[in-house]
Amino acid sequence: MSETASISINGKSHELPVITGSENEQAIDISKLRDVSGAITLDPGFKNTGATKSAITFLDGEQGVLRYRGYPIEQLAEKSTFLEVAYLLIYGDLPTTETLSDFRNKISRHTLIHEDMKKFFDGFPSKSHPMGQLSCLVGALSAFYPESLDPNPSEEDENLTIMKLLAKMPTIVSWIYKKSLGHPVIYPRNNLNYVHNFMNMTFGQITEDIDIDKSVVSAMHKLLILHADHEQNCSTSTVRIVGSSNANLYASISAGISALWGPLHGGANQAVIEMLENIKNDGGDSAKWLAKAKNKNDPFRLMGFGHRVYKNFDPRAKIIKKACDDVLDKLGIDDPVLEIAKELEAAALKDQYFVDRKLYPNVDFYSGIIYRALGFPTDMFTVLFALGRLPGWIAQWKEMKANKEPIGRPRQVYTGDTKRDYVPLDQR
Ligand code: CMC
């Protein structure tokens, strides 16, 4: 006998189905509640609302567990490569040697972007934020690849659009960076692996060959893997909801990029470094800044701390903290903000305010310190988050289409004026 939940509204009881997921999480299916009772549910910020059934990522915020397609994030970060993880997320299983090589070859055939797109890069002011540029450029891909506009593409065309986006994103990201410096862009090199090619386009020079340190490439793989998916977060929900209107993949991902930009979401990695720099320049007194974060009259929040779902350590933060020590050590970098970050973390973890609210460091707390050690400027950090999140967004968009999910359209409780009659201008 399947479980049901009962709800009583205006003295009338209604039975609602209970859905159980593969990790035994339970959900009350309220999709017919309004039909039978006239009532909707209200949940601002969707704090307790499941928007979909998904088989991509499992997250247990109480236990600090994160798995992509069943594989623990710790194992993937340690043993896998970013492209392998991208395949896993998008197609559901780890690739064989043959499928991975085919996937890699297909992607490498699409790494160039249309030469006319270069004019867009020239049009942006050199100091404009890379996230605004990225969202615009990714949306613009639909203009160059009109086959992506078909709302019911063949499997082959859908895969082609996916490959093109995966292939062109590193080129777009690195060219945004090159343009910000006023440097000539570096074209993709298809003999390099996905991440190495990206690093070469970003840090390579047209005038000479540059060796990108293996440890730098490997740290980048790890960071991108750790960001690759995180179930129904703000940007992913945006991608799914935009895609549910049958908007094309490029438009849906462009919207996701905009959602990621905010400092409460992916923009936090930039905000963390700016915060740590401020603390350093202010004398490095972490107690003073913790007090600010706790003060309800002060809008300041401890950036890189807290999470909607994790009420325990963010498993990604644990891996990144260790990677941060390793990378700085290997590159011989002594970054004073790392010490401040560690002090701040230790103090917050002992502080009753943070303990009571179960606020722990999240993925963004240490990632910026690594990006900086690798040579990226602060305003590129969130773009790197987007590069990592791309396979997750694609997988979620593809799943939404495969499930034939209805258009996303929440309801509301109206709190405005009740009916009133129009008053002519001269009588107001
Ligand atoms: N510093 C100080 N207080 C905080 C913080 C923080 N970073 N985060 C949450 N709180 C307090 C908040 O004021 C509230 O207190 P009270 O119950 O007294 O009103 C309580 O903790 C619960 O917070 P909330 O805002 O209701 O929680 P939420 O789930 O709506 O927000 C969050 C989650 C991530 C937006 C929030 O923790 C935050 O703003 N963190 C800083 C920004 C950040 O690091 N974002 C990156 C998130 S991880 C990367 C990603 O996937 O986006």
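The values are calculated or read from the model by the stated rules, or taken from the named source; none is laboratory data. Since we're looking at a predicted model, the values are computed, not measured. We place every Cβ from the backbone using ideal geometry, glycine too, and count neighbours over all the protein chains shown. These area figures cover heavy atoms from the full protein model, side chains too; ligands, DNA and RNA do not enter into them. Shrake-Rupley method; radii C 1.70, N 1.55, O 1.52, S 1.80 Å.
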Name the one entry in Arg301, Arg308 that is outside any helix (DSSP H, G or I), open to solvent by 70 Å² or more (accessible area, probe 1.4 Å) and within 18 Å of Leu66 (Cβ to Cβ).
Arg308
For segment 292-320, enumerate the residues that are over 28 Å from Ile73 (Cα atoms) and within 11 Å of the ligand (Cβ to nearest atom).
Lys292, Ala293, Lys294, Asn295, Lys296, Asp298, Pro299, Phe300
In the set Ala323, Ala346, the lone residue that is among the small types (Gly, Ala, Ser), buried (at least 20 other Cβ atoms within 10 Å of the Cβ) and out of contact with any Ser or Thr (no Cβ under 7 Å at 6 or more places or on another chain) is Ala323
Find all pairs meeting these conditions: Cβ atoms under 6 angstrom apart; at least six residues apart or on different chains; first residue within segment 44-60 and touching a residue at least 12 places away in the same chain (Cβ under 8 Å); second residue assigned to a strand (DSSP E or B).
Gly50/Ala27; Thr57/Tyr68; Phe58/Arg67; Leu59/Leu66
Answer yes if at least one residue in segment 397-418 is in a helix (DSSP H, G or I), touching a residue at least 60 places away in the same chain (Cβ under 8 Å) and either under 22 Å from Gly45 (Cβ atoms) or among the aromatic types (Phe, Trp, Tyr) (or both), and no otherwise.
yes
Scanning segment 39-64 residue by residue, those of a type in the set (Gly, Ala, Ser) and outside any helix (DSSP H, G or I) turn out to be Ala39, Gly50, Ala51, Ser54, Ala55, Gly61, Gly64
Please list, ordered by first then second residue, the pairs with beta carbon atoms under 7 Å, 6 or more apart or interchain, first in segment 109-128 and loosely packed, with under 14 Cβ neighbours inside 10 Å, second in a loop (DSSP other than H, G, I, E, B) and at pLDDT below 95.
Ser126/Gly182
Considering segment 65-76, residues that are assigned to a helix (DSSP H, G or I) and crowded, with 20+ Cβ neighbours inside 10 Å, and then whichever is nearest to the chain's Cα centre (by Cα), we arrive at Ile73
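Is it fair to say Gly256 is in a loop (DSSP other than H, G, I, E, B), surrounded by 18 or more Cβ atoms within 10 Å (Cβ to Cβ) and either at pLDDT 95 or above or within 8 Å of the ligand (Cβ to nearest atom) (or both)?
No.
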Filter result for the condition that a residue is in a helix (DSSP H, G or I), away from the ligand (no atom under 12 Å from the Cβ), at pLDDT below 95 and under 27 Å from Tyr177 (Cα atoms), over Asp334, Asp325:
Asp325
Scan of segment 356-388 for residues that are within 11 Å of the ligand (Cβ to nearest atom) and open to solvent by 50 Å² or more (accessible area, probe 1.4 Å), ordered by number
Asp356, Arg357, Lys358, Tyr360
Taking segment 183-235 and keeping only residues that are within 16 Å of the ligand (Cβ to nearest atom) and either within 26 Å of Lys330 (Cα to Cα) or part of a loop (DSSP other than H, G, I, E, B) (or both), one is left with Leu223, Leu224, Ile225, Leu226, His227, Ala228, Asp229, His230, Glu231, Gln232, Asn233
Under 7 Å by Cβ, and 6 or more places apart or on different chains, what pairs join a residue from segment 253-275 that is closer than 22 Å to Lys398 by Cα and among the hydroxyl-bearing types (Ser, Thr, Tyr) with one that is part of a helix (DSSP H, G or I) and open to solvent by 10 Å² or more (accessible area, probe 1.4 Å)?
Ser254/Ser135; Ser254/Gly139; Ser258/Ser135
